[in-house]
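Here's the structure, in structure tokens; my notes come after.
Here, each number is a calculation from the coordinates, and none is a lab measurement. None of these values were measured; they are calculated from a predicted model. Ideal geometry is used to build each Cβ from the backbone, glycine not excepted, and the neighbour counts take in all protein chains shown.
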């Protein structure tokens, strides 16, 4: 549905802007999260990250305070903030770049994980932008 939208900003259509977002996604990979997959489309982006690398195998909520753990909203601000500033600079504009809220989903099992990865990677194919996900320059998968 988002791919068929004929109005609204499509800043990510510009390769330099999409590359800026790619750079920010990889910036905290291995530090704040494990970057599993993404696809940057002309007017939106799908990302799949695993923030559990910051957590011990078993933990109590009280133990989180002593760790370098960052909640998802903080992680998203770390991605969105710098990418918005850099993208706006490239576009010669100011103001809101990303929507305030993001749609997030908790992955509960391996089958669901694989379905989400497939959905993300097939986005440019379904939209007619590429014949295969690997042909889309703004897609990534850690383990294709």
Response to the item:
Exposure-ranked with fewest Cβ neighbours within 10 Å first, 38, 103 stand as 103, 38
Response to the item:
Rounded to whole angstrom, the alpha-carbon centroid of region 21-37 lies from that of region 66-136 at a distance of 10 Å
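Sort 83, 102 so the one with the fewest other Cβ atoms within 10 Å of its own Cβ comes first.
102, 83
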Discussion item. Place a point 7 Å from Cα of residue 28 in the direction of its Cβ. Which residues in region 70-109 have their backbone N less than 12 Å from it?
Written reply: 70-83
Practice prompt. May I ask you to sort 27, 89 by Cβ crowding, counting other Cβ atoms within 10 Å and putting the fewest first?
Written response: 89, 27
